[in-house]
Amino acid sequence: MNAHAPRSPAVRTTCPYCGVGCGVLARPDGRGGATIVGDPEHPANFGRLCSKGAALGETLALDGRLLHPMMRSSDGTLARVTWDIALDAVAHGFERTIGRYGPDAVAFYLSGQLLTEDYYVANKLMKGFIGSANVDSNSRLCMASAVAGHRRAFGADIVPGVYADIDQADLIVLVGSNAAWCHPVLFQRMLANKHARGAKLVVIDPRRTATAEESDLFLPIAPGADGALFCALLVHLADRQALDRSYVDAHTVGLDEALARSRDIAPDLEAAARATGLGTADIAQFFDLFRTSPRVVTCFSQGVNQSAQGTDKVNAIINCHLATGRIGKPGAGPFSLTGQPNAMGGREVGGLANQLAAHMGFSDGEVERVGRFWKAPRMARAEGLKAVQMFEAIAAGRIKALWVMATNPAASLPNAGAMRDALKALDLFVVSETTCSNDTVRAGPHVLLPAAAWGEKEGTVTNSERRISRQRAFLPPPGEARPDWWIMAEVARRMGHATAFAYRSAADVFREHAQLSAFENSGARSLDLSGLAAISDDEFATLDPVQWPLCHGAAPRDFRFFAAGGFFTADRKARLIAPDKPALAAATCEEFPLRLNTGRIRDQWHTMTRTGTSPRLAEHLPEPFVEVHPADAASNGLRDGAFATVSTRHGTCILKVVVSAGQRRGSLFAPIHWSDETASSARIGDLVAPATDPISGQPEAKATPATIAPVEFALGGFALTRRPIRLPSGTWWSRVAVAGGVGYVLASDDAAGAWREVARALFGDAALAEYVDEPRHFYRAAAFAGGRFHGCVFVGPRGAAPRWHALKPLFAGDLVDEQQRRVLLSGRRFDEIPDCGPTVCACFGVGLATIRAAVAARRATSAEELGELLRAGTNCGSCLPELRKIVEERVAVSGSNGSLLSPVSVRSLSSGGAELVIGRRFTPTR
Ligand code: SF4
């Protein structure tokens, strides 16, 4: 590009990952990419981005993009078709199915990644014009229990507080939330409050997570026991006369029943300790902190929601806030941290099967009102099927046509193997996607529709504090990709509803959504966007982030609900809910004696279709793993760094073993991100039981009975290639993006010599340099083409398997010189090339070895000094807990002459001799 050419202006948009909803400034580079920085004026992040947001610029390439509509022909192959043909096929296919089997034989499965406008059009088409409520979303897997808990307590799905509460609280309680990794920018606000104002941080989680490492009090609770703990807290507050009787009397009902049931469940500290596995002293300390801190925010997330009793757990938390009047006031309230970027927007339009639209349900009056507004001919009159039920209905043959948009249910649903098999039975299976290959696309859709991706489309998202922000296009959609709302509107027109779906733009859709929220809304409905109902196209184009309610123009800054009551129930009072006795959906047994917990890691998102394209993000944890407590590892014959099969009643995966004292004994933890696209055997959805909460329908993804057993591979190693490759069957592999191509970590039982054929097949005509030592089980091959290091395969015996950190910089470079070739070919350990180790700080690419070296040389004695020396941890801060742990680890070792480890550490032996393995949770693959 001409260095003197005017730079493109930065476009204000919003991060597409988590529910924090950070503002982003994207400046296109004119070559299809863009530079990304945080938006200093966005009130969610004030310029900060976490490692995922900061790496967005690396995820804009078009490799693997679905660029054209495709249809499956009778011989099973997919072929490109025109939009007209594809849209006709979808519209007429749905019409045929509805005509033959009725409207409940069709379903849409949506995504919290969709924009509000996409959600609105899908919801309107299904619930107003097809006449079914079978429209659900992957948000069901994320926060459905929070929605149900809000509706039971408040009469509406409302997050009462705002992010400013996190700055103003004196006590922040995090329940089932690894916010340090899953909501990093918000977690930095919590730490800022802790350091600046002395706010206390209590973390309640079965695992000692990165979040727990920063806590003042960590409560390693037994799986499924959160509800019992908050029942005990309610009892404690009542017995200490710490309830706000005037608030309770004026604004709530149900305290006596909730308290009586809570007393049944956990009448005192001892009972609470038995139910939760916690010590009475720790519980007492938490209860005292809560009782004596008027400004308490309780943040909860998937650890609470993903439970067969998730709704009761949410209500047990809300009960404590209602009973003490700690709600809707600065620094006080229950706070659902939403997982996805637009789960909130989806909830606003009604994009779940148990909502109608705009915070209305299925009462006759609401159905009639929405029908009148939409001029809809065929309104759904009852709730539809929630995600797991929906896929079970597909398996049972009751649903015949399915349209999946922007999500990957073949990998992410519980019991994913069975769900995937069910898809084969569909008469019509439509997928709207940005990628041409993921597990759902592999499941054989009849029609594939290319959707515009983040950065290519216009619309809005709503974050966890009810703030609506614009997503704006800064790149043209590639090929024939189109926005999801456009695709659905085109199908609706072809189904005979041209007038009702005559949208010209996302602004058109948004206006209608805002108008529906205000339609016949006399204040009985919380979602009121009437202030935006007449927004012009120009105003939509420049819309600043706004928080609802927006009844009359902009809401007051940081609007909170319920400080003075005003709940959205018939009597305007909140409901304290009497929860059921806590219990997990399935008991452990001799065959499955452990509990499998699942969750996210710091630098990946969902099934990696976007984050998996970033080499920087892949550096942190490149392999699928299972965390195991040292005692469970010992009793099951597992070694840190070796492999294990993890099995449940539903499936089996093979994962790298990470022995971690931060893991709870009797529990396993495995991340959710890998799929058949990115690993040989790591699709965790296959393992998760489909047991769901009876109210919210959310699956219990945190406590599936499981078993684990060691697996041995003779060889380990890696491959670096310019394009994805197929490895020999029986190879265990994990694929990540690396600069210049893709990298595979692999393990195999094949003899070293057998890899010679693999390398030759892989690299074809490229000049191949090889090193073979069959007796010692080493094989190395490096391929060169045009002076370029084209790729390599390195394998070695278990325990001395080669590592790739030193080679990746050579692979990323354009050319290799003679000396580098000699090093590559020498068969030595590449001592000449500095190995920085796996990346800890993704923002500045600082590796573990570099950090350890700085600490060992005492050039840095704190995370802050590491920041000054190496810049590590000075941008998003996501790695600060890891940096602190590395410093602590060094202090623990040097302070004891290296012979005494901290109580939570373990020691493992590697080929290089004794190597310290951090015993909490931060070094899974090192
Ligand atoms: S915290 Fe990170 S992932 Fe979440 S919205 Fe902000 S930048 Fe995106």
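The values are calculated or read from the model by the stated rules, or taken from the named source; none is laboratory data. The structure presented is a predicted model; accordingly, all values stated were derived computationally and were not measured. Cβ placement follows ideal geometry from the backbone for every residue including glycine, while neighbour counts extend to all protein chains displayed. With ligands, DNA and RNA removed, areas are computed over all heavy atoms of the protein, side chains included. Shrake-Rupley method; radii C 1.70, N 1.55, O 1.52, S 1.80 Å.
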Fill in: Net +/- balance of residues flanking T607 in space, Cβ distance below 15 Å, scoring K and R +1, D and E -1
+1
Worksheet entry | Spin-label zone in the stretch 204-222 - amide nitrogen under 20 Å from a point set 7 Å from the Cα of S635 along the C-beta vector | 206-208, 220-222
Item to complete: Please say if the stretch 324-363 is rounded, prolate or oblate, where rounded means a/c under 1.5 for a ≥ b ≥ c the square roots of the C-alpha gyration tensor eigenvalues, and otherwise the choice is prolate for a/b larger than b/c and oblate otherwise?
Response: oblate
Item to complete: Would you mind counting up the charge near A180? Only other residues with Cβ under 10 Å from its Cβ, with Lys and Arg at +1 and Asp and Glu at -1.
Response: -2
Worksheet item: Distance from the Cα centre of the stretch 349-425 to that of the stretch 439-494, in angstrom?
Response: 19
Worksheet entry | Cα-based reach from K200 at 17 Å (exclusive), listing aspartates and glutamates while leaving out same-chain residues under 8 positions away | D165, D167, D170, E213, E214, D216, D282, D288
Worksheet item: So what's the net charge close to R494: Lys and Arg +1, Asp and Glu -1, counting the other residues with Cβ under 10 Å from its Cβ?
Response: -3
Item to complete: Would you please classify the overall shape of the stretch 39-149 from the alpha carbon gyration tensor, given that a ≥ b ≥ c denote the square roots of the eigenvalues, rounded means a/c under 1.5, and beyond that prolate means a/b larger than b/c while oblate covers the rest?
Response: oblate
Worksheet item: lysines near K313 by alpha-carbon distance under 17 Å, same-chain residues fewer than 8 away left out - which ones?
Response: K581, K702
Discussion item. Please report the spacing between the Cα centers of the stretch 835-892 and the stretch 632-648 in Å, no decimals.
Written reply: 29
Response to the item:
Subtracting the Cα-Cα distance of D256 and R798 from 0.36 nm times their residue separation yields 188.9 nm
Response to the item:
In nanometres, the difference between 0.36 nm per residue of separation and the alpha-carbon distance of S437 and A502 is 20.2 nm
Discussion item. Distance cut-off 32 Å, Cα to Cα: go down the list K124/K400; K329/K375; K194/K656; K127/K457 and report the pairs above it.
Written reply: K329/K375; K194/K656
Worksheet item: Where in the stretch 562-594 does the amide nitrogen come within less than 17 Å of the point 7 Å from the Cα of A709, taken along Cα to Cβ?
Response: 589-594
Worksheet item: Which of the aspartates and glutamates could a cross-linker span from K386 if the Cα-Cα distance has to be under 16 Å and same-chain partners fewer than 8 positions apart are dropped?
Response: D104, D136, D693, E700
Response to the item:
Applying the gyration tensor rule to the Cα atoms of the stretch 459-548 (axes a ≥ b ≥ c; rounded if a/c under 1.5, else prolate if a/b exceeds b/c, else oblate), the class is oblate
Worksheet, complete the sentence: Between A196 and K375, the FRET efficiency computed from the C-beta separation at R0 = 60 Å comes out, to the nearest 0.05, as 0.65
Worksheet item: Percentage of Cα-Cα pair distances in the chain greater than 48 Å, rounded to whole percent?
Response: 21
Discussion item. Taking 56 Å as R0, compute the FRET efficiency from the Cβ-Cβ separation of Q819 and D75 and round it to 0.05.
Written reply: 0.60
Worksheet item: What is the packing order of peptides 457-463, 311-317, taking the mean over residues of other C-beta atoms within 10 Å and listing the highest first?
Response: 311-317, 457-463
Worksheet item: Quick one: Karplus J couplings for the stretch 516-524, per residue in order, coefficients 6.51, -1.76, 1.60, θ = phi - 60°, nearest Hz, x for Gly and Pro?
Response: 5, 4, 8, 5, 6, 9, 8, x, 7
Worksheet item: Zone of D216 (label point 7 Å along Cα→Cβ, backbone N under 12 Å): which residues in the stretch 162-197?
Response: 169-173, 193-197
Item to complete: Sort the following peptides by mean Cβ neighbour count (other Cβ atoms within 10 Å, averaged over residues), highest first: 163-175, 855-867.
Response: 163-175, 855-867
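How would you rank 801-807, 335-341, highest first, on the average number of other Cβ atoms within 10 Å across their residues?
Result, highest mean Cβ count within 10 Å first: 335-341, 801-807.
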Practice prompt. Kindly report the accessible area of the chain per residue (heavy atoms of protein chains, probe 1.4 Å, no ligands, DNA or RNA), in Å².
Written response: 34
Worksheet entry | the chain, accessible surface, carbon-and-sulfur percent (1.4 angstrom probe) | 51
